[in-house]
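Asker: Here you go, one structure.
What follows is calculated from the coordinates using simple rules that are stated; it is not laboratory data. None of these values were measured; they are calculated from a predicted model. Reconstructed Cβ throughout: ideal geometry from the backbone, glycine too, with neighbour counts over all protein chains shown.
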Amino acid sequence: MEYIIYCDESVSKGRYFSDFYGGSLVRSQDLRLVQSELQEVMKRNKLTAEIKWTKVTNQYLEKYISVMDAFFTLVKKDLIKTRIMFRQTAQIPIINAKQKENSYHLLYYQFIKHAFGLSFSNKSDNPIDLRIHFDKLPDKAIKNELFINYIYALQSLPSFEKANLRIRRNNIVEIDSSKHILLQCTDIVLGAMAFRLNDLHREKPEGKYHRGKRTIAKESLYKHIRNHICDMFPNFNIGISTKDGWTDKRWKHSYRHWKFTPKEFEIDESKFKK
C-alpha cells in the first residue's frame, strides 16, 4: 500500500497569521474512487479549468460549494485526510540567519514530519510507501533539491522506521496543480483559512463603504467549509491547533489544524487582532 500526499502552501506573510501549509493524504486503494468522485462533480458543474481559491467569485460560488461538498464527504468518510498548518504572525521566531533564509523549507519539513501523524499510521509488519507531491516549489532549484533530500531522509527517523514507512527518492515530486484535483481542493481549503484568519472578509475597496462581491463570495465559501468541519468538530476554532495534538489522533482524525509555535520567539503586540 501507498500513502499519496498532495501538498500546497499559501500566504507567507499575513497580517495576523502567516506561513500557511496544507496537505491531503489518500491511501492508494482509495485514490481512483476519490479522483472519480471529484472529477464527476467538476464535470457536472462544467468546471473545465483549474479551480483555485483566488478564482472564487459570486458567479462560480455555487459550483465551488458543490466541489467542497464532495470533497468533505470524502474527508468525513476518512477517504481523504486533510491538514492545515499556520503560524501566528505576532510570534516572531528567534532564529539565526541561515534558519531565516531556509525558513520556508524548514516549516514545510515540520509539516510533512508531524501534521499527519504518520508515525502512528501503520501498526502492521507490512511496509507502506509514501508518495509526496508538492505544488511547484517557489524557491531556487538547488534549495528545493536540498529540501527534497531532507524529506527523503525522513524514513530514517526511528518513528518512521517503527511505522515501517518507506520513501523512494523518485516518489518526491513537484506537480502541476492544474492536473490534480486533490491539490486544487487543498488549495481552496487552505486559501479559505488564510482568508478568514487574516480578516480579509472585512476588506472593502478603497473609497467604498461596502465589501466587494468577490469578498462576499469568498466569505460564503469559507463559512460553508467551516460548517463541514464543525460536523466533525462542533464549534471548531480555526485559529488554534486541534486538540490531542501529539497523540495517535494526529493520524486518526480525518481533518486537523496545527498552529505552529516556534521554540523561541518574541512578541510583536502590533500584530495581534484588536
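Asker: Roughly how many Å is it from the Cα centre of the stretch 12-57 to that of the stretch 118-140, as a whole number?
Answerer: What the calculation gives is 18 Å, centre to centre.
Asker: Another question, if that's okay. Among Met193, Met232, what is the fewest-to-most ranking by other Cβ atoms within 10 Å?
Answerer: Placing the least packed residue first, the sequence is Met232, Met193.
Asker: Okay, moving on. Mean-square fluctuation check for the chain, GNM, Cα pairs under 10 Å: which of Tyr108, Tyr209, Tyr60 is largest?
Answerer: The residue that fluctuates most here is Tyr209.
Asker: Give me P(r) over the stretch 29-78, computed from all C-alpha to C-alpha distances, binned every 10 Å, as integer percentages.
Answerer: Final binned percentages: 25, 54, 20, 1.
Asker: Given N residues in the stretch 145-209, what is Rg(Cα) / (2.2 N^0.38 Å)?
Answerer: With N residues counted in the stretch 145-209, Rg over 2.2 N^0.38 Å equals 1.78.
Asker: I would also like to ask the following. Thinking of the stretch 2-264 as a set of Cα atoms, what percent of all their pairs are more than 23 Å apart?
Answerer: Of all Cα-Cα pairs in the stretch 2-264, 52 percent lie more than 23 Å apart.
Asker: Let me ask another. Just how large is the dipole of the stretch 2-264 about the Cα centre, in debye to the nearest 20, putting +1 at every Lys and Arg Cβ and -1 at every Asp and Glu Cβ?
Answerer: 520 debye
Asker: Check which residues have an amide H placed less than 5 Å from Arg166's amide H, if you skip close sequence neighbours.
Answerer: HN-HN under 5 Å from Arg166: Ile128, Asp129, Leu130.
Asker: Here is a follow-up. What list of ³J(HN,Hα) values in whole Hz, one per residue of the stretch 137-150 in order, does the Karplus curve 6.51 cos²θ - 1.76 cosθ + 1.60 (θ = phi - 60°) give from phi, with Gly and Pro shown as x?
Answerer: Ordered by residue, 3J(HN,Hα) equals 6, x, 8, 5, 4, 5, 6, 5, 5, 5, 4, 4, 4, 5 Hz.
Asker: Order by neighbour count: His210, His224, fewest other Cβ atoms within 10 Å first, most last.
Answerer: Taking fewest neighbouring Cβ atoms as first place, the list is His210, His224.
Asker: Tally the DSSP beta bridges in the stretch 1-151 and give the antiparallel ones as a percent, rounded to 5.
Answerer: Beta bridges within the stretch 1-151, antiparallel portion: roughly 70 percent.
Asker: Rounded to the nearest 5, what % of DSSP beta bridges with both residues in the chain are antiparallel?
Answerer: If we restrict to bridges inside the chain, about 50 percent are antiparallel.
Asker: Suppose the Debye formula is applied to equal point scatterers at every Cα of the stretch 111-226; what is log10 I(q)/I(0) at q = 0.20, 0.21 Å⁻¹?
Answerer: Once normalised to I(0) and log-transformed, intensities are -1.10, -1.14.
Asker: A further question on this structure: Applying the Karplus parametrisation 6.51 cos²θ - 1.76 cosθ + 1.60 with θ = phi - 60° to the phi angles of the stretch 234-243, what ³J(HN,Hα) value in whole Hz is obtained for each residue in order, glycine and proline being reported as x?
Answerer: Calculated HN-Hα couplings, in order: x, 6, 4, 9, 6, x, 10, 6, 4, 4 Hz.
Asker: Also, I was wondering about something else. Send over the Kirkwood Rh of the stretch 38-109, from the inverse of the averaged 1/r over different Cα pairs, rounded to one decimal Å.
Answerer: 15.5 Å
Asker: Once the Cα gyration tensor of the stretch 95-158 is diagonalised, what are the square roots of 5 times its eigenvalues, in whole Å and ordered largest first, as equivalent ellipsoid semi-axes?
Answerer: 25, 13, 10
Asker: I would also like to ask the following. Could you list log10 I(q)/I(0) for the stretch 48-200 at q = 0.09 Å⁻¹, which the Debye formula gives when each Cα is one point scatterer?
Answerer: Result of the Debye calculation: -0.36.
Asker: Using Cβ counts within 10 Å as a stand-in for footprinting exposure, how do Glu145, Glu269 rank, fewest first?
Answerer: Least crowded to most crowded, the residues run Glu269, Glu145.
Asker: Quick one: Karplus J couplings for the stretch 14-22, per residue in order, coefficients 6.51, -1.76, 1.60, θ = phi - 60°, nearest Hz, x for Gly and Pro?
Answerer: x, 4, 10, 9, 9, 6, 8, 10, x
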